[in-house]
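FYI, it's all coordinate maths here, none of it is from the lab. Keep in mind the model is a prediction, meaning the values are calculated, not measured. Backbone-built Cβ (ideal geometry, glycine too); neighbour counts: all protein chains shown.
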């Protein structure tokens, strides 16, 4: 997983991109609570734009699975005023 930036100002957008080889599904979590566009099921390859509305430190997490095997990726984002 990769992020287009790691430090942004409130209101700016960051693109999160990922590819999970051999996975059958991925589940996203973390980020700003209540923020749409990140939580939930994701394709095994893709990208999502996130736009935190409050300053803080956020961690975006993606867990991809294939049977009993799990792969986890995280990206940290600092949002300043």
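The table below gives the values:
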item: Residues that are crowded, with 16+ Cβ neighbours inside 10 Å and touching a residue at least 40 places away in the same chain (Cβ under 8 Å), drawn from the stretch 13-29; result: 14, 16, 18, 20, 23
item: The stretch 13-46: number of residues that are under 22 Å from residue 78 (Cα atoms) and either assigned to a loop (DSSP other than H, G, I, E, B) or in contact with a helix residue (DSSP H, G or I) (Cβ under 7 Å, 6 or more places away or on another chain) (or both); result: 10
item: Residue that is surrounded by the fewest Cβ atoms within 10 Å (Cβ to Cβ) [pool: residues in the stretch 65-81 that are under 12 Å from the mean Cα position of the chain (by Cα) and within 21 Å of residue 24 (Cβ to Cβ)]; result: 72
item: Candidate set from the stretch 30-45 (those that are under 11 Å from the mean Cα position of the chain (by Cα) and surrounded by 13 or more Cβ atoms within 10 Å (Cβ to Cβ)); member that is farthest from residue 18 (Cα to Cα); result: 32
item: Residue list for the stretch 30-45, restricted to those being on the phi > 0 side of the Ramachandran plot and touching a strand residue (DSSP E or B) at 6+ places or on another chain (Cβ under 9 Å); result: 30, 31, 37, 40
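Residue by residue, here is whether (1) part of a strand (DSSP E or B); (2) in contact with a strand residue (DSSP E or B) (Cβ under 7 Å, 6 or more places away or on another chain); (3) touching a residue at least 40 places away in the same chain (Cβ under 8 Å) holds:
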position	(1), (2), (3)
8	yes, yes, yes
11	no, no, yes
48	yes, yes, no
59	yes, yes, no
62	yes, yes, yes
